[in-house]
Every structure is written in C-alpha cells, then in structure tokens.
Amino acid sequence: MGGIIDKLGTKTGYTISIAVWSFFGMLHAAIRPAFSLIGFIMVRFGLGMGESGNFPAAIKTVAEWFPKKERAFATGIFDASTSVGAILAPFIVGAVVTVEGGNWQIPFLFTGVLCAIWVFLWLQTYKKPEVHPRLSKAELA
C-alpha cells in the first residue's frame, strides 16, 4: 500500500487503502461455516492489505501539512487515537454481541459504515496544502 500511496498520491492512495480495509472488514460478516477457514483467511488477508496503508498515508499526510518541528506532535495525536479505539472497541462489541455470540456480524458492518463516512469526508475535504483554497501563501511558507 505504501507504494500505491507514493504513486497515486495521499488522497487517492489513502482512499484506496481505507476502502479495501473497509470492504474486507465487512466481508467478515459474510463468512459462513461452509467457507469458514478459507473465507476467514481471504478476508483477513484483504483486511491486512488495506490496513497496511493507514500509517504510511497518515504519516505522509502529516509530512505534507505540518512543519518539521510539529510533525512528531501531529503523529502522536493520530497514533494515540488508534489506542483509544482499541480501548473502546471491547466495550462497544460487548454491548452489541450477545453472550451466546449472536450479532457478531454487527461490529464488522458498523466499522465498515464508519469507514465509508470517513472516506466520503476525506474525499470532500482533503487537498494538498499547495492547492488548498483556504491556505494563504504565508501559511504555506
């Protein structure tokens, strides 16, 4: 994914990464016993392929937007947010999935919907600093 992000740019590469991640994440909900092992292997592989673009794209975005002296702080913020997600996920999943394992598909679908919203917002709002209409030349310098 890092190569795709470098070749296509941050906006397109990150979109592809998150779209692949979301698609294969939601496919977890479609796995049925007849395809459990092979299906699970396929969706986990696809999920990993998509997820592998997250940090390279996030770091490249920080490099595009932040001066060198502020990049570590900006990277720390997005990195910390992944930890917050890891802390909150068990509570949310525990509230949705029954003790018997019912509704286990819902967290995968919910994550996919959130990612789709994120992709939409990303495509609507992200522009490189040098072409962003609300960034002054002084700020860019």
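The table below lists the values:
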{"item": "Close pairs from segment 28-42: first in contact (Cβ under 8 Å) with a residue 60 or more places away in the chain, partner of a type outside the set (Lys, Arg), Cβ under 7 Å, at least 6 apart", "result": "His28/Val43; His28/Phe108; Ala29/Gln105; Ala29/Phe108; Ala29/Leu109"}
{"item": "Meets criteria (surrounded by fewer than 20 Cβ atoms within 10 Å (Cβ to Cβ), at pLDDT below 95 and not hydroxyl-bearing (Ser, Thr, Tyr)) for Leu8", "result": "no"}
{"item": "Single residue of Ser36, Ser22 found to be surrounded by 13 or more Cβ atoms within 10 Å (Cβ to Cβ) and among the polar types (S, T, N, Q)", "result": "Ser22"}
{"item": "Filter result for Gly46 (surrounded by fewer than 16 Cβ atoms within 10 Å (Cβ to Cβ) and out of contact with any Gly (no Cβ under 7 Å at 6 or more places or on another chain))", "result": "no"}
{"item": "Count of segment 107-141 residues which are touching a residue at least 24 places away in the same chain (Cβ under 8 Å) and within 17 Å of Gly25 (Cα to Cα)", "result": "8"}
{"item": "Criterion (closer than 17 Å to Ser22 by Cα and either touching a helix residue (DSSP H, G or I) at 6+ places or on another chain (Cβ under 8 Å) or surrounded by 10 or more Cβ atoms within 10 Å (Cβ to Cβ) (or both)) met by exactly one of Leu135, Leu88, Leu140, Leu123", "result": "Leu123"}
{"item": "Some residue of segment 15-26 being over 30 Å from Glu139 (Cα atoms) and of a type outside the set (A, V, I, L, M, F, W, C)", "result": "yes"}
{"item": "Filtered residue count, segment 127-141, keeping only those that are assigned to a loop (DSSP other than H, G, I, E, B) and closer than 17 Å to Thr10 by Cβ", "result": "4"}
{"item": "First in segment 69-97 and within 18 Å of Pro107 (Cα to Cα), second anywhere and surrounded by 11 or more Cβ atoms within 10 Å (Cβ to Cβ) and aliphatic (A, V, I, L, M), Cβ under 9 Å, 6 or more apart", "result": "Val93/Ile106; Val96/Ile106; Val97/Ile106"}
{"item": "Of all residues in segment 59-68 being without any contact (Cβ under 8 Å) to a residue 24 or more places away in the chain and surrounded by 10 or more Cβ atoms within 10 Å (Cβ to Cβ), the one that is farthest from Val20 (Cα to Cα)", "result": "Phe66"}
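The values are calculated or read from the model by the stated rules, or taken from the named source; none is laboratory data. Note that the coordinates shown come from a computational prediction; the quantities given were computed from them, not determined experimentally. Methodologically, a virtual Cβ is constructed for each residue, glycine included, from the backbone with ideal geometry; neighbour enumeration extends over all protein chains shown.
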